[in-house]
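Laboratory data are not the source of any read-out in this text; all were calculated from the coordinates shown. Because the structure is a prediction, the values reported are computed rather than measured. Positions of Cβ are generated from backbone atoms using ideal geometry, with glycine treated the same way; all protein chains shown enter the neighbour counts.
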Amino acid sequence: MTWSEAGKAIAVARIRKRLRNGSTSLHLSNLGLEALPELLGDFTHLTKLDLSYNRLSVLPESLRNLTALTTLNLSHLRLERFPEWLGDLPALATLSLRGNQTAVLPESLRNLPTLTTLDLSWRAMEALPEWLRQPAGRFTGIVGKPHRPHRTRPAPQPADRPARVTGEPHRPHRTRPAPQPASGPPRMPGGSDNQLAALPESLGNLTALTELDLRHNRLTALPESLGNLTALRRLDLRDNKLAALPESLVRLTALTRLDLANNELTALPESLGNLAGLTELDLGGNRLAALPESLGDLGALLWFNLGRNQLTALPESLGDLTALTTLWLSVNELTALPESLGNLTALLWLNLGYNQLTALPESLRNLTALNGLDLSGNQFTVLPEWLGSLPALSKLDLRANRLTGLPEWQGRFTVCTN
């Protein structure tokens, strides 16, 4: 019996069992299916159907009978076209079409009155379909995220700065490990790209959107209508080609996470400081040479990445971010730090690697919660004695400096020196 035949036998058994017990959910993913049992079309009370990761190149007409479906997962199949009858599923609210071989969406999808979440990731789209010009409030989630390994653009590195510091830091509250000062975290694993070069002004009609993921595209600018998405809590624009941000961004006051890493930003608007609800802000891998004082108004910020830019100085207002637990300033051109950094008493992780620092401000002795400190790749010849008295410090990276010796206190925590 082939894998496809075995998978079809399993599928038939699952369908029959659920028809008997009245279940409304059916998972047929990863069974090697090349065709679906006709029996599936009799499952008219089905509300959730998962057909992902099979070998299906077409879908049977009988599936149009599943009019109670609210969730349909058609991701990572071999579909060369999507059937028009998808628009005949009147209860459908969540539809995943990710990872198929067609970039064309059926026009009938525009007729689905209850569709709120549409996953278009891992597909070679060059533009959003025109039927996204919908009445305000139509969608709550549109995902256009490709999975792109091995092709992420690292920021330019001076020849004497090793590649190990080019990875973006992890966000520590997730299930992945918290960042370690001695190494750059990994990038995403493999997949394919979307190719969006522009967004329609009609995107601003989707005023119920709470999450918008447009990373790994070719966007050079954002429409001013983006500011209409006032319910947006998460906006991910990393790995595009953005050189500037629209002024309308200031209206997105519900944002808690904003990811602008690996773009071509040379300056930030002062109005960015009005996004007072932000808890995570990623500006790593841009071309920023200076920061607006208004960043100090982001009082809720917990996680802040400014690594891999061209910063030569930091504003004193950075010391107003007293809720910060993680701050990445690695791979810049900093020669000194503001005394106000000593106000960041909640800080657990501070990465200052690969700058031009020769000394630390005395105020940093107030960072009594600090667990990890990366000073690698700087110009230190001696270290301040107070560094050894930081009570929570357990990891200290001193590699690639000009130290003539290590202080006696270095033995109380993990020190990386080579």
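Residue separation of residue 45 and residue 312 scaled by 0.36 nm, minus their Cα-Cα distance, works out to 89.8 nm of gained length. Need the list of aspartates and glutamates near residue 395 for cross-linking: C-alpha distance under 20 angstrom, and skip anything on the same chain fewer than eight residues off. Partners found: 168, 362, 374, 385, 408. Here the calculated FRET efficiency for residue 346 and residue 409, from their Cβ-Cβ distance with R0 = 22 Å, stands at 0.40, rounded to the nearest 0.05.
Extending 7 Å from Cα along the Cβ direction at residue 287 and again at residue 195 yields two label points whose distance is 2.5 nm. At full extension, residue 10 and residue 363 could sit 120.5 nm farther apart than now, given 0.36 nm per residue minus the alpha carbon distance. Cβ-Cβ distance of residue 62 and residue 24, R₀ of 22 Å, FRET efficiency by 1/(1 + (r/R0)^6): the value works out to about 0.75.
For the stretch 205-307, relative contact order (Cα pairs under 8 Å, six or more residues apart, normalised by length) works out to 22 percent.
Shape class for the stretch 1-115, computed from the alpha carbon gyration tensor (a ≥ b ≥ c): oblate, with a/c not under 1.5 and a/b at or below b/c.
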